[in-house]
Every structure is written in C-alpha cells, then in structure tokens.
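Here's the structure, in structure tokens; my notes come after.
The values are calculated or read from the model by the stated rules, or taken from the named source; none is laboratory data. Every value quoted in this text rests on a predicted model; they were computed, and no experiment measured them. Cβ: placed from backbone, ideal geometry, glycine included. Neighbour counts: every protein chain shown.
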Amino acid sequence: MMTDPIADLLNRIRNALMARHKTTEVPYSKIREEIVRILKEEGYLLGYSLVEQHPVNLIRVILKYQHDSSPVITKLRRISKPGRRVYEGCSGIPSVLGGMGINIVSTSKGVMTGKAARDQGFGGEILCEIY
C-alpha cells in the first residue's frame, strides 16, 4: 500500500530523468494530474497524456531535456509529508531560488503554483518545490 502518492510521482519522475528516459508512467489520481499539468504549464515537462487501462488508469509523462541532454528539472523536493504537514498563509509562501523555481500549493481553490497562490491571496499546504 502506498502512503504518499505525491512522493511516488516525484520519485518516478526523478528516476526516469536520471535514467534519461523519454517518458514515464504513474498511476492516475486527480492530485497527480494537477501537479503534472502545472509542471507542463511552467515548462518543466514536454507534456502528458492519460492512458486508460484496466484496472488502473495511467498518466504518461513526457520528460523534457536541454540541448546538452541534461534534464530541465534539477531538483524535486517534497515539502509537506504525511508525518509533518506544512501549511502557510498567502504571505508565508516562500519563493524558490529567488523566483527561479516553483513550489506547488494545494489551496481551497485547487492546486496551483506558490506565485499564483500569493497573487490571489490564498494560503494552503505546500506540496513540493521544483527547480
């Protein structure tokens, strides 16, 4: 039984990047799809697609590399964990590497980047940071 699906998603992406794979697949969930959507919108992934399979649907993540074949994502870090949840108000959401990276926040209005949450005045659970 998996206790932390977000950490599983981040680990699968991290491992696929280290192995220089073009794609990786993760079991489908709404939170995983939202995180992957944000990573694509922010330019960290080339894309993703939903694969319907029985018994579990999958998300196929298309990874992105630079011209020298180094990964665009250099660090994926889980912030809020099942054993220690991290919540911040809108003014307490930190910037990542002075604005060079992003953090993903789960708010009452959905999953969004930390910058979008600060701009809209929402706080929430800080899920992870990527740079």
Where in segment 1-92 are the strands (runs of 3 or more DSSP E), entirely inside, with at least 2 residues that are modelled with pLDDT of 95 or more and β-branched (Val, Ile, Thr)?
-> 23-27, 58-63
Is there a residue in segment 110-117 that is surrounded by fewer than 18 Cβ atoms within 10 Å (Cβ to Cβ) and among the β-branched types (Val, Ile, Thr)?
-> no
Please enumerate the residues belonging to segment 18-55 that are buried (at least 19 other Cβ atoms within 10 Å of the Cβ) and touching a Phe, Trp or Tyr at 6+ places or on another chain (Cβ under 8 Å).
-> Val36
Among all residue pairs at least 6 apart or on different chains, which show Cβ distances below 9 Å where the first residue, located in segment 12-31, is under 19 Å from Pro55 (Cα atoms) and the second is among the acidic types (Asp, Glu) and surrounded by 11 or more Cβ atoms within 10 Å (Cβ to Cβ)?
-> Val26/Asp8; Pro27/Asp8
Tell me which residues, restricted to segment 56-74, are more than 18 Å from Pro5 (Cα to Cα) and surrounded by fewer than 13 Cβ atoms within 10 Å (Cβ to Cβ).
-> Gln66, His67, Asp68, Ser69, Ser70, Thr74
Among residues of segment 71-115 being within 15 Å of the chain's Cα centre (by Cα) and small (Gly, Ala, Ser), the residue farthest from Lys40 (Cα to Cα) is Ser80
Among the residues of segment 13-25, is any over 28 Å from Lys109 (Cβ atoms) and touching a Pro at 6+ places or on another chain (Cβ under 6 Å)?
-> yes
With respect to the numbered conditions (1) closer than 13 Å to Glu129 by Cβ; (2) not assigned by TED's automatic domain parsing to the domain that holds Ile126, which one is the sole condition not fulfilled by Lys40?
-> (1)
